[in-house]
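A.B. asks: Starting off with a structure, shown below.
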Amino acid sequence: MALNRVRLLGAATLVVAWLAVAARPAAAAGDENTWFRIGASVQDRSIDAIRLGSGPLHLALMGSIHGGWERNTEELVNRAYMYFAANRDQIPPVLTLYFVPTTNPDGLAAGNDRDSAWNADGVDLNRNFPTPNWSPDSYGRVGGRYGPSGTRIGAGGPEPFSEPETRAIRDFVLGEQIAAVLSYHSGIVSVTTRDGGGDVAQPLAEKVARITGYPYIRTWTEYALTGQFMDWLDSVGVAGIEVDLPDQQGIDWDKNLAAMQLVIAEFAS
């Protein structure tokens, strides 16, 4: 299986990031089923995670990197946590699951419109990772969070990892030895991995696409993807799958739960 290659490299984990809006009691990452802080935002809001299980293979479910603009992804990751906390028998002994509902709590607090998609510095956090094509200016869908031009000057940040939120993501992924990430977005409807595909996560991403009915897109051609999270994950040996929900209201729970269960089963096999 393709994910065995990640395991041999010592980096096999599904990461899905969620960042909590409300402050939660501080705890060590080793405390199972207790919220712990992985970092803070520009405005010093806590970015929190929680862990279920204690196996050597670490998967993370992460949401709301685009704040309130993709608020339903925070809801999806929170619901996934509650589901697996109530159904612990569905977590194989070899796995540890991490849940990070939001990595952009400042954006989450800013509302639901396109102005809530950025962090408090006006940076698109999904364009702030160190990749060969990182750019200080960034691009997105015309008419979406990038507005009528599809371009936002300076939204990639002054340099990669310039933002406390992306540094928190980096430190979490590397510090907790996350081997795979399920990263949730909304409003485009797609499943992607490293841009251009051909990576260790692609076969599993294609299965996720079949279960959800969302198209797997190997190479993004609508606009330039600079400094994105999935490309950085691949560069550090982590299998990253980005799942983009069909709209910004619902969570498509049944389909996405089935996809999570598939990933867990494949990852544990």
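The values are calculated or read from the model by the stated rules, or taken from the named source; none is laboratory data. Since the model is a prediction, treat every value here as computed from it, not as a measurement. Reconstructed Cβ throughout: ideal geometry from the backbone, glycine too, with neighbour counts over all protein chains shown.
A.B. asks: Among the residues of region 208-244, which ones are in contact with a His (Cβ under 8 Å, 6 or more places away or on another chain) and either surrounded by fewer than 23 Cβ atoms within 10 Å (Cβ to Cβ) or within 19 Å of T131 (Cα to Cα) (or both)?
C.D. replies: Within region 208-244, the first condition is being in contact with a His (Cβ under 8 Å, 6 or more places away or on another chain), and the residues that meet it are 242-244.
Across region 208-244, the qualifying residues are E242, D244.
A.B. asks: While we're on this one: Quick check, is L97 over 13 Å from the mean Cα position of the chain (by Cα) and part of a strand (DSSP E or B)? Break it down stepwise before answering.
C.D. replies: On the way: over 13 Å from the mean Cα position of the chain (by Cα): yes; part of a strand (DSSP E or B): yes.
Against the criterion (over 13 Å from the mean Cα position of the chain (by Cα) and part of a strand (DSSP E or B)), L97 qualifies.
A.B. asks: Moving on. Cβ-Cβ below 7 Å, separation at least six or inter-chain, first residue in region 38-56 and more than 23 Å from A179 (Cα to Cα) and part of a loop (DSSP other than H, G, I, E, B), second among the hydrophobic types (A, V, I, L, M, F, W, C) and modelled with pLDDT of 95 or more: which pairs?
C.D. replies: S41/I47; S41/A120; V42/A120; Q43/A120; R45/A109
A.B. asks: Also, quick follow-up: Just one of the numbered conditions (1) surrounded by 15 or more Cβ atoms within 10 Å (Cβ to Cβ); (2) in contact with an Asp or Glu (Cβ under 6 Å, 6 or more places away or on another chain); (3) hydrophobic (A, V, I, L, M, F, W, C); (4) within 24 Å of N133 (Cβ to Cβ) is not true of I153; which one?
C.D. replies: So the condition that I153 fails would be (1).
Conditions tested, residue by residue: (1) touching a helix residue (DSSP H, G or I) at 6+ places or on another chain (Cβ under 8 Å); (2) modelled with pLDDT of 95 or more; (3) not in a helix (DSSP H, G or I).
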residue: D121; (1), (2), (3): no, yes, yes
residue: T131; (1), (2), (3): yes, yes, yes
residue: G156; (1), (2), (3): yes, yes, yes
residue: E159; (1), (2), (3): no, yes, yes
residue: I169; (1), (2), (3): yes, yes, no
residue: L174; (1), (2), (3): no, yes, no
residue: H185; (1), (2), (3): yes, yes, yes
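A.B. asks: G196: in a loop (DSSP other than H, G, I, E, B), crowded, with 24+ Cβ neighbours inside 10 Å and either without any contact (Cβ under 8 Å) to a residue 24 or more places away in the chain or not hydrophobic (A, V, I, L, M, F, W, C) (or both), yes or no? Quick ask: steps written out before the conclusion?
C.D. replies: Details: in a loop (DSSP other than H, G, I, E, B): yes; crowded, with 24+ Cβ neighbours inside 10 Å: no; either without any contact (Cβ under 8 Å) to a residue 24 or more places away in the chain or not hydrophobic (A, V, I, L, M, F, W, C) (or both): yes.
The answer is no for G196.
A.B. asks: What are the pairs, 6+ residues apart or on separate chains, where a residue within region 249-269 that is under 10 Å from I211 (Cβ atoms) has its Cβ under 9 Å from a residue that is polar (S, T, N, Q)?
C.D. replies: K255/T212; N256/T212; A258/T212; A259/T212; Q261/Q90
A.B. asks: What is the number of the single condition among (1) surrounded by fewer than 19 Cβ atoms within 10 Å (Cβ to Cβ); (2) within 18 Å of H66 (Cα to Cα); (3) under 18 Å from the mean Cα position of the chain (by Cα) that E165 does not meet?
C.D. replies: Result: E165 fails condition (1) only.
A.B. asks: Sticking with this structure for a sec: Taking D89 as meeting all but one of (1) free of Cβ contacts under 8 Å to residues at least 40 places away in the same chain; (2) part of a helix (DSSP H, G or I); (3) in contact with a helix residue (DSSP H, G or I) (Cβ under 9 Å, 6 or more places away or on another chain), write down the number of the exception.
C.D. replies: (3)
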